[in-house]
């Protein structure tokens, strides 16, 4: 009987040793509280400040939903650029943020929310004529493409975050019976499905 207990304990301890590094990294990656003093893995400090301010304006906090900063979208984009993006995509990220910094035409310390908001309005609310003019200027095309990519990635990271998926979108981890021909309003109260 003692031998079984020893083998059982040995098996459990071996399983713990194998699982613990994975478990620790998983818990660290699921940090739900936004940290203001985090160390970027890919972008430099100036790029992170610009990225954070733009993401906050793209997806601000409202009374009904958390903002992009509440669900760590800048940290996600930084980690994605470092761990997932290939060399060409990484170059596009850095070149794009450098072009955005140049377009803002101020040092990062002197930038205000109105500067970031003006940049977003210039490119996202441009008339058709202004959009045509962007195509003739390579630096403006780079800024427009970078802002569009940043907006798309921000929305993707936001919608796939745990907090938004479970608390903002319709969420049912264990789907029940199939009910066909329902409107979105009838099925989920008008919310998009998280899963």
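Bear in mind these aren't lab numbers, they're just calculated from the coordinates by the rules spelled out. Predicted, not measured: the structure shown is a model, and the values here were computed from it. Every residue, glycine as well, gets a Cβ built from its backbone with ideal geometry; the counts of neighbours run over all protein chains shown.
Couple of notes before you dig in:
- With R₀ set to 35 Å, the beta-carbon distance separating residue 85 from residue 185 gives a calculated FRET efficiency near 0.35.
- Between residue 174 and residue 148, the FRET efficiency from the beta-carbon distance, with R0 = 35 Å, is close to 0.40.
- Between region 100-116 and region 50-71, the Cα center-to-center distance that results, in Å: 18 Å
- Extension gain (nm, one decimal) between residue 159 and residue 63, 0.36 nm per residue minus Cα-Cα: 32.9 nm
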